[in-house]
Amino acid sequence: MMNNTSIKPLRRSGTSIVAMKRLNNSSSFPLAQAPLSAVSAHSSAAKTKGGNQPSPTPNYIEFPTSPQPPDDHTGYHANHNGTIVHHTHSKHPLAEITLSELFTCSGCKEFGTGRRYACQDCDFQLHHFCALSPPSLKAHPFHGQHQLVFHAKPKQGKAGIAWPRCDVCCKSTKGFTFRCRVNSCNFQMHPCCAMLSSEIKFPNHPHLLKVLPPGNTLPGGAGGGNDQLGMVCGECKKKRSSGRVYSCTVCDYHLHALCAKSMINGLQEYGIKPPEKPNMLGTAARLASQVVIEFIGGLIEGFGEGVGEVLVQNIGRGRRSTNRRRIA
């Protein structure tokens, strides 16, 4: 029996709840069979039947891996009113909602929109697949030889300078990750990347896409393969030197795994492009030039206006004398 306990609205400035979607307890969506579009249709039907009341138990997320029972998902506790208490945010319950606004997941630190689990008392939000991630993945198609274990905290980077990178999309791993349990193996990936499989149906392309083997060369014999470095992604129209790539089984279409994530995190469904990463070199150059300008200004101010004017005049005279010598 559904409990009619009401859910408090989110206290987030500038953000209103568009809808709270309910799914049946048996809901699961292995990516190769039923991507997010199926989840969206299922959610709409549930909303029509049940309004904005949450489901009595959270939805079971089926990752593309060997079958695991729902009771293996021990990272959260389900409340009777449809909320969950996640082990990384045990002080407040999280309610499943759907918002069109872009957000940064408090777990994996990546962007998302649409379906999520959000705190009713603070700004903590998780992707639905981050909130419902199992403690381990067995025989995942991207790393079938070892078991992958869920970690809430990121792996420390080398010398504390750079973040480790995901072996699927090659973006930094700054939060939730699945990491290989074998100490000598460094494989790791985001929960969103773990939702991808070896074969996918991408909404913007009519044919089946298969992931290519890791590395820079396609199978085809010695010297007969195609270099992945030269492949242009059909979605972003760019080339990448790292990360997994999908290839069409019918035509010459390629898709970065990084771009394929948009159908998992809700960005494609809501037509949102992820914000561009700032140019770190350009930012550093602007900061350095600003520091130099402020330093010179401080020197002139310290010398006094009279001394500063003399300094500027001497510099000008030196330039004029140099020009006279060149003319002579």
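The values are calculated or read from the model by the stated rules, or taken from the named source; none is laboratory data. This is a predicted model, so every value here is computed, not measured. Cβ: placed from backbone, ideal geometry, glycine included. Neighbour counts: every protein chain shown. Note: areas computed on protein heavy atoms with side chains; ligands, DNA, RNA excluded. Shrake-Rupley method; radii C 1.70, N 1.55, O 1.52, S 1.80 Å.
At-a-glance table
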read-out	value
Global geometry of the range 120-187, whether rounded, prolate or oblate, following the gyration tensor of its Cα atoms and the 1.5 cut on a/c	oblate
Table column - 3J(HN,Hα) (Hz), the range 83-92, Karplus curve with 6.51, -1.76, 1.60, x for Gly and Pro	7, 10, 10, 8, 5, 8, 8, 6, 6, 9
Segment R165-N204, length gained on full extension (0.36 nm per residue, minus Cα span)	11.3 nm
Quarter of the Cα convex hull surface for the range 63-154, i.e. its orientation-mean projected area (nm²)	6.5 nm²
Spin-label pair S136/E276, simplified geometry with 7 Å Cα→Cβ offset, distance in nm	4.5 nm
Two-site FRET efficiency, H92 against K239, from Cβ-Cβ distance with R₀ of 51 Å, rounded to 0.05	0.70
Lysine pair count for the range 148-216 [Cα-Cα under 17 Å; pairs on different chains or 8 or more apart]	7
Of all accessible heavy-atom area on the range 152-210, the percent that carbon and sulfur account for (1.4 Å)	49 percent
Cα centroid separation, the range 230-280 to the range 178-206 (Å)	14 Å
